[in-house]
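Asks: Okay, handing you the structure first.
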Amino acid sequence: MKQLSTGAFQSAQDWVLTYGRPLEQALFRLAFENGNRMEVFAEIERYQNEDGGFGNGLEPDFLTPASSSLATSVALQRLLPFYDDREAQPIFRKAVRYLESTFDEERRGWYAVPKEVNDAPHAPWWAVNDSGQSGIDDTWGNPNAELIGYMTLFESYSKRLNMDFLLEVAVQTFLQKEQFESHELYSYMRLFATIPEVRSESVEEQLVRGVQQTVHLSKEDWKNYVPTPLQFVPTPQSSTYGIPERAIEENLDHLIEQLESEGVIRPTWSWGTDEDAWEQSKQDWTGIRTIEALFTLHRYGRIA
């Protein structure tokens, strides 16, 4: 079984603590250096606006200062391990306020990003069209499914949304799907991880169908932007959804090989436009993807 060498870990650490964003540095220190969770909270808050939503480039593929439901979902992903931490509650309370105020009754959810995305550097797939939607809005579940999960978790802060109804909408929408898109599937998986009591046998069977339809098992494919086994099975305790154990082990080996040879995990995509802004976003993504790889290897006991 391959293990990430001490030297490769040190190289990744040095890169993150030199070139990564302060948020990723704080997350790294918390995981590996007995860092302070309050540092993580402070760095997350730098991306939170007065309206309670998150923006300001938290998601490095769109840099608008304006709040968005998508960036808010990213912030809540990072904060979820601290969902019951008293010091984090003001951040959660403000985020719930934002999500309540931007909820769209007709959509039974949120649109991913506002039109202000177009006014700042962004990847082409985040551009908002004349109808006020981006291409991501073609799939309802991203980020609506996970946001409904987070709103249900923090229901005590919500004043007007019927979370039982919205939770049922999300579950039934998922069960009726026949074609799956990976990012939407990740969002549903976060919902079912956050609110496990709705994870019925039917949901589990549908998750297996979704994963089997979208996962790429070939190592050659992993050089490209594709859903890999570890994106569905991030911990040894996770359900495997029918993914062969061999593929999971090979994916872990692949991360180790990348870190041993490159020292970091770089993004497998590019904007193809606005090159100066992309270079900074690429650096930000490298920090994000590198710490995520290290966290995964740590969970699987693959760091020497």
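None of the figures in this text is laboratory data; all of them are computed from the coordinates on show. Just so it is clear, the structure is predicted and the values come from calculations on it, not from any experiment. Here Cβ is always computed from backbone atoms with ideal geometry, including for glycine, and neighbour counts include all displayed protein chains.
Asks: Listing MET38, MET151, MET163 from the residue with the fewest other Cβ atoms within 10 Å to the one with the most, what is the order?
Replies: Numbers: MET38 13, MET151 22, MET163 16.
Fewest-to-most Cβ neighbours within 10 Å comes out as MET38, MET163, MET151.
Asks: Chymotrypsin sites (Phe, Trp or Tyr not before Pro) within segment 200-304: which are DSSP loop residues with at most 14 other Cβ atoms inside 10 Å? Mind showing how you got there, number by number?
Replies: Working: sites: TRP222, TYR225, PHE232, TYR241, TRP269, TRP271, TRP278, TRP285, PHE295, TYR300; in loops: TYR225, TYR241, TRP269, TRP271, TYR300.
Passing both the DSSP loop test and the Cβ count: TYR225, TRP269.
Asks: Which residues make up the longest stretch of the chain clear of GluC sites (Glu not before Pro) that lie in a DSSP loop with no more than 12 other Cβ atoms within 10 Å, not counting the sites? It would help to have the intermediate numbers written out before the result.
Replies: Details: sites that count: GLU33, GLU50, GLU105, GLU106, GLU178.
The reported range is 179-304.
Asks: Where nothing but the Cβ of Lys and Arg (+1) and of Asp and Glu (-1) is charged, how large is the charge dipole of segment 158-304 around its Cα centre, in debye to the nearest 20? Walk me through the intermediate numbers first.
Replies: Details: 14 positive and 24 negative charges, 81 e Å.
Value, rounded to 20: 380 debye.
Asks: Something else: Along the principal axes of its C-alpha atoms, what lengths does the chain span, in descending order and rounded to whole Å?
Replies: Each principal axis gives a Cα extent; for the chain these are 52, 41, 41 Å.
Asks: How do LYS115, LYS159 rank when sorted from fewest to most other Cβ atoms within 10 Å of their own Cβ? It would help to have the intermediate numbers written out before the result.
Replies: Details: LYS115 16, LYS159 7.
Neighbour counts put them in this order, fewest first: LYS159, LYS115.
Asks: Using +1 at the C-beta of Lys and Arg and -1 at the C-beta of Asp and Glu, which of PRO227, ALA127, GLN258 has the Cα lying farthest in the positive direction of the dipole of the chain?
Replies: GLN258
Asks: Rank the residues THR290, THR268, THR102 as a footprinting-exposure proxy: fewest other Cβ atoms within 10 Å of their Cβ go first. Show your work: numbers first, answer last.
Replies: Working: THR290 27, THR268 13, THR102 17.
Fewest to most other Cβ atoms nearby, the residues stand as THR268, THR102, THR290.
Asks: Here's another thing I want to ask about it. Hey, with R₀ at 35 Å, roughly what FRET efficiency would GLU249 and ASN162 work out to, going by the Cβ-Cβ distance, to 0.05? Numbers along the way, then the final one.
Replies: On the way: r = 44 Å, r/R0 = 1.27.
So, using R0 = 35 Å, E works out to roughly 0.20.
Asks: Among LEU99, ASN49, SER11, which residue has its Cα furthest toward the positive end of the charge dipole of segment 1-109, with +1 on Lys/Arg Cβ and -1 on Asp/Glu Cβ?
Replies: Working it through, the farthest residue towards the positive pole turns out to be SER11.
Asks: Treating the beta-carbon of each Lys and Arg as +1 and of each Asp and Glu as -1, no other charges, what is the dipole magnitude of the chain about its Cα centre, to the nearest 20 debye?
Replies: On the way: 27 positive and 48 negative charges, 130 e Å.
Approximately 620 debye in magnitude.
Asks: Go from 0 up to the bin containing the longest alpha carbon distance in segment 4-157, width 5 Å each, and give me the % of pairs per bin.
Replies: 2, 9, 17, 20, 18, 14, 10, 6, 3, 1, 0
Asks: Per residue of the chain, what 222 nm ellipticity follows from adding -39500 (n - 2.57) for every DSSP H run with n ≥ 4, rounded to the nearest 500? Display every interim value, and only then the final one.
Replies: On the way: 12 runs with 159 residues, N = 304.
The per-residue figure over the chain is -16500 deg cm²/dmol.
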